[in-house]
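All remarks here apply to the structure that follows.
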Amino acid sequence: MNSQHSRPGSSGSSSAGSHTPAPAQDMRAKAGEAASKITDPARQASSEAKQGVSSLASDATKRAKGLLNMQVTAGADMVDHVADSARAAAESLDQNAPQLAGLMRNAADHAEAFSQDLREQTLEDLIRMASDFTRKQPALVFGLASLAGFLAFRVIKSSPPESSMEQGPTRDRFRGRAGQSHGI
């Protein structure tokens, strides 16, 4: 009894020597081609997205540096105003206190020189200088930071909260009446 089972895609008289590609192999090849067609654009899109993100980060960094450089320039302008004020104060002190006027002029000159130095520095230069100064004088930097913290604490502690300022006179008025009613 010679029974042959026919396979899909193969003819009934298949010989062992000739092997035709099966439909499953054709499907695999087509799937591989389709996958490569899909993955190539996906890789390209991923690459473009990465470039876009890095470009946005670079733009944000440039903007931040630009804003900080503008703040440095504004600080230099403020120091110039202080120097101008010190010169005006020196002129008014000339007649009554010439020694103090000389000190004010000297301070104004130093402030103006500092302002000019500030304008010539980039943000990176200022950060490097601050870092170098901190490494060379850590005790001084710590002391200045402590002093600034102490002064900030005193200023915050000395100012009364807004809610107590608004309710203060009313509370005092009721406190006086409450004291009188309990005393009678």
Which lysines, on any chain, are close to Lys62 with Cα under 25 Å apart, when same-chain ones fewer than 8 places away are left out?
-> Lys50
In Hz, Karplus ³J(HN,Hα) per residue of the range 70-85 (6.51, -1.76, 1.60; θ = phi - 60°; x = Gly, Pro) = 5, 5, 5, 5, 5, x, 5, 4, 5, 5, 4, 5, 5, 4, 5, 5
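No value in this document is a laboratory result; all are computed from the given coordinates. Since we're looking at a predicted model, the values are computed, not measured.
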